[in-house]
Structures are given as C-alpha cells and as structure tokens.
Amino acid sequence: MPRLNIITRSGERRVVDAAAGGSLKAALIAGGVTEINAITNCGGCCSCGTCHVYIDPNDLERLAPMEGQEDDLLYVRDDRRANSRLSCQVRLTDALEGLTVTIAPEW
C-alpha cells in the first residue's frame, strides 16, 4: 500500500494511503482530493483530461511510460509540462511509495 504525497491546487499538502493495483485518480478521490473532477468525469478512460497532475520530476522514472492516447490528450493543454500525466493512466504499485503529485490547474 503506497503512501502518496499530494499537493492540492491551493498548496495544501496531504498524505494519501493508496491501494496498489488501482489508478492514481482512484486513490486521489478515495483520499478526498476531488479537484481532479472539477469539470467532468470520464470514468478514468483517458478521454477528458480533467485528472491532469504533475509528478515530481524525481519520481517520473518510477512510472510506466506514457502511451499515445494520454500524450494526445495532454498535447492540447496549455499547462502541460514535461512531468504532466493523467492520473487515470497511472497504475499504482508498492514501488511508488512516497510518490509526490501536484494537482494541475483547472482546465
């Protein structure tokens, strides 16, 4: 069960205990971080981009690589960074203990 470090849009820092095997998005919602669904909720199928987060650059190499559809959705965002990911596409494992995630601005 990885423990995640979350920084909300307002700068509040939270710690969320997450279930390995689930998505980062599901862990954020279960941990009370609902900002990622401020506009809409696609159900985690990589179609809306509202679950955009920034992964701490030091943690990026621990994630599975981004796939095409996720990259395409992030491509249209003005606030995309090199460390941008869609939380619905990040699968959590025990190896992601201590992952630091910042919720991206509302789109």
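Cut-off 10 angstrom, C-alpha nodes, Gaussian network model of the chain. Which of Ser87, Ser23, Ser47 fluctuates the most?
Ser47
For the range 3-103, give the magnitude of the charge dipole about the Cα centre (Cβ charges: +1 Lys/Arg, -1 Asp/Glu; no others), in debye to the nearest 20.
In total the dipole reaches around 220 debye.
Report the gain in length on full extension from Asp71 to Arg13: 0.36 nm times residue separation, minus Cα-Cα distance, nm rounded to one decimal.
That works out to 18.2 nm of additional length.
When Lys and Arg each count +1 and Asp and Glu each count -1, what net charge do the other residues less than 15 Å away from Thr8, Cβ to Cβ, add up to?
0
Are there GluC sites (Glu not before Pro) in the range 19-107 that DSSP marks as loop and that have at most 11 other Cβ atoms within 10 Å, and which are they?
Of the GluC sites (Glu not before Pro), the ones in loops of the range 19-107 whose Cβ has at most 11 other Cβ atoms within 10 Å are Glu67.
Have a look at the DSSP beta bridges in the range 3-103 and tell me what percent are antiparallel, nearest 5.
Bridges in the range 3-103 are about 80 percent antiparallel.
To the nearest 0.05, how large is the calculated FRET efficiency for Thr34 and Asp59 if R₀ is 25 Å and r is the Cβ-Cβ distance?
The calculated FRET efficiency here is 0.65.
Within the chain, which is the longest segment that contains none of the trypsin sites (Lys or Arg not before Pro) sitting in a DSSP loop with at most 15 other Cβ atoms within 10 Å?
Result for the longest clean stretch: 10-76.
Please report the spacing between the Cα centers of the range 64-107 and the range 1-34 in Å, no decimals.
13 Å
Can you find, among Thr8, Gly43, Gln89, the residue sitting farthest towards the positive end of the charge dipole of the chain, where Lys and Arg contribute +1 and Asp and Glu -1 at Cβ?
The residue sitting most towards the positive pole is Thr8.
Quick one: net charge around Arg62, please, counting Lys, Arg +1 and Asp, Glu -1 for every other residue with C-beta under 13 Å from its C-beta.
-3
Considering the values (i) -0.61, -0.75, -0.97; (ii) -0.41, -0.64, -0.96; (iii) -0.33, -0.53, -0.89, which represents log10 I(q)/I(0) by the Debye sum over Cα atoms at q = 0.12, 0.15, 0.19 Å⁻¹ as calculated for the structure under consideration?
Computed from the coordinates, log10 I(q)/I(0) by the Debye sum over Cα atoms at q = 0.12, 0.15, 0.19 Å⁻¹ corresponds to (iii).
Counting Lys and Arg as +1 and Asp and Glu as -1, what is the net charge of the other residues whose Cβ lies under 11 Å from the Cβ of Cys51?
The answer is 0.
Here, each number is a calculation from the coordinates, and none is a lab measurement. What you see is a predicted model; the values in this text were computed from it and never measured. When we count neighbours, we look across all protein chains shown, and the Cβ atoms used for this are built from the backbone with ideal geometry, even at glycine.
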